[in-house]
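Q: Let me give you the structure first, and then I'll get to my questions.
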Amino acid sequence: HMVLPGHLAGGYIVSKAILDLMPAAAALSPTQAAILLVIGTIFGDSPDIDLFFYYFDQRTAHPSTDDNGHRHYVTHTPIFWLGVSAAIAAIGWLAGSLFMQFAGLMVLAGSWTHLTLDSIEFGVRWLWPLTSRRFSLFRGKPDPVIDAPRGSLSYYWVYILKTSFRDVTFYAELIVTALALWIAFR
């Protein structure tokens, strides 16, 4: 399963490319560009904010039996992040702030990078609210049986250890993380 380092790396790569390739970015100060790079990197993991909601839902009387249940929240849909980023960019446009406009773009780039990486194996509801179908390149393997309370940190730790090396996503994460490190330190 793609975890924090891979999602942050994906957000970094796309944000760095946008700042390097868009001519308008040349009008930003070095400090603004650095802040935007941090925004894009952090928002590379933003759809997983739903893990907090999922964690607390698992503690209620109605725990989910779906290990990818956190991907059912609205924060794991492209339309949600399109709306958030469009609102930020619109505020920037109305205020005449190129920085804010780029901030909206970084939110979109980072969050959609996350959703794209999640689409390798686990699927994302790209067409929500029209359909709840999750789209993915590969079908994930059945989850192993884990002797720990669902929703607990020990459950997720064992889950990651038992599933990582067998998933295509694990190797994609290694490649994305290595690429981000190479870009950052070359």
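The values are calculated or read from the model by the stated rules, or taken from the named source; none is laboratory data. Small disclaimer: the values here were computed from a predicted structure and weren't measured. All Cβ positions, even for glycine, are placed from backbone atoms using ideal geometry, and neighbour counts span all protein chains on display. Note: areas computed on protein heavy atoms with side chains; ligands, DNA, RNA excluded. Shrake-Rupley method; radii C 1.70, N 1.55, O 1.52, S 1.80 Å.
Q: Condition first: open to solvent by less than 30 Å² (accessible area, probe 1.4 Å), charged (D, E, K, R) and either assigned to a helix (DSSP H, G or I) or free of Cβ contacts under 8 Å to residues at least 40 places away in the same chain (or both). Now tell me which residues in region 165-186 satisfy that.
A: GLU173
Q: Hey, can you tell me all the residues within region 101-157 that are touching a residue at least 40 places away in the same chain (Cβ under 8 Å), in a loop (DSSP other than H, G, I, E, B) and among the aliphatic types (A, V, I, L, M)?
A: ILE120
Q: What number of residues within region 90-114 satisfy the criterion of being surrounded by fewer than 20 Cβ atoms within 10 Å (Cβ to Cβ) and not polar (S, T, N, Q)?
A: Residues in region 90-114 being surrounded by fewer than 20 Cβ atoms within 10 Å (Cβ to Cβ) and not polar (S, T, N, Q): 10 in total.
Q: Read through the list (1) open to solvent by less than 70 Å² (accessible area, probe 1.4 Å); (2) at pLDDT below 95; (3) β-branched (Val, Ile, Thr), then give the number of the only condition that ILE13 fails.
A: So ILE13 meets the others, but not (2).
Q: Could you list, in sequence order, the residues of region 21-49 that are open to solvent by 80 Å² or more (accessible area, probe 1.4 Å) and in contact with a Gly (Cβ under 8 Å, 6 or more places away or on another chain)?
A: If the condition is that a residue be open to solvent by 80 Å² or more (accessible area, probe 1.4 Å) and in contact with a Gly (Cβ under 8 Å, 6 or more places away or on another chain), then ILE42 is the only one that fits.
Q: A further question follows. Quick check, is LEU127 within 18 Å of the chain's Cα centre (by Cα), more than 22 Å from LEU8 (Cα to Cα) and surrounded by fewer than 17 Cβ atoms within 10 Å (Cβ to Cβ)?
A: Values: within 18 Å of the chain's Cα centre (by Cα): yes; more than 22 Å from LEU8 (Cα to Cα): yes; surrounded by fewer than 17 Cβ atoms within 10 Å (Cβ to Cβ): yes.
So LEU127 fits the description; yes.
Q: Further question on the same structure: Output the number of residues of region 62-79 satisfying the condition of being closer than 16 Å to THR163 by Cβ and either at pLDDT 60 or above or outside any loop (DSSP other than H, G, I, E, B) (or both). I'd like the intermediate steps shown before the answer.
A: First, pick out the residues of region 62-79 that are closer than 16 Å to THR163 by Cβ: 66-71.
Remaining after also requiring either at pLDDT 60 or above or outside any loop (DSSP other than H, G, I, E, B) (or both): 69-71.
Within region 62-79, residues that are closer than 16 Å to THR163 by Cβ and either at pLDDT 60 or above or outside any loop (DSSP other than H, G, I, E, B) (or both) number 3.
Q: Evaluate region 143-150: report whether one residue or more is more than 22 Å from PHE53 (Cβ to Cβ), over 19 Å from the mean Cα position of the chain (by Cα) and either surrounded by 17 or more Cβ atoms within 10 Å (Cβ to Cβ) or not charged (D, E, K, R) (or both).
A: Yes - at least one qualifying residue is present in region 143-150.
Q: Let me ask you something else. Inside region 10-54, can you point out the residues that are among the acidic types (Asp, Glu) and in a helix (DSSP H, G or I)?
A: First pass over region 10-54, keeping only residues among the acidic types (Asp, Glu): 20, 45, 48, 50.
Correct list: ASP20, ASP48, ASP50.
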